[in-house]
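A.B. asks: Handing you a structure now.
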């Protein structure tokens, strides 16, 4: 009997130790998981703070990127606007390909004085325009419909100035400008001044195409 009781006590003690060990293991495992979660949370917060610090430390770089994007948009806008100088009547010609020179006088009677403008398709003409009047004038090569559109633009912006490289030049009083143009045959091509009121007063001349 004594031996049986002793064995029972020993078994109970071993079972108690085993249960205690398992419980400690579970608690230790949970504590370990909690520690891992805290470490991950701390690491995420550290990266977030680092990103905020980098952004605040380099505001100039971010502004530079924004400026470059704006500049890019501005360049695209300039490229689109550059097509304004085109016409169905041809395109700007090259000085090395000029076939003939035609001299033109622009005056305040709202007339162009020149020889008849007769051209062949593909011919490059250099127009030398002198303004003998007291007000600015234009000399523009385009179809009649294009002149109408140009005239409407000029009504909205009478001080619009045309430099070299397009189908129109603005000639100040007493000045001389040149326009080199390679002609393509089109319907109702004219040389005209589209400063408000000038075309309507008769400041336009026909361009006549002749066979090659």
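A.B. asks: How much length is gained if the chain between residue 144 and residue 201 is pulled fully straight, taking 0.36 nm per residue apart and subtracting their Cα-Cα distance, in nm to one decimal?
C.D. replies: 19.0 nm
A.B. asks: How do 208, 148 line up, fewest other C-beta atoms within 10 Å first?
C.D. replies: Ranking 208, 148 by Cβ neighbours within 10 Å, fewest first, gives 208, 148.
A.B. asks: Continuing with this model, one more query. Taking the Kirkwood radius as the inverse of the mean 1/r across Cα pairs, report the Rg/Rh of segment 86-209. Mind showing how you got there, number by number?
C.D. replies: Working: Rg = 13.1 Å, Rh = 14.1 Å.
Using Cα coordinates only, the ratio equals 0.92.
Values quoted throughout were computed directly from the atomic coordinates according to the rules given, and no laboratory measurement underlies them. Since the model is a prediction, treat every value here as computed from it, not as a measurement. Note: ideal-geometry Cβ built from the backbone for every residue, glycine included; neighbour counts use all protein chains shown.
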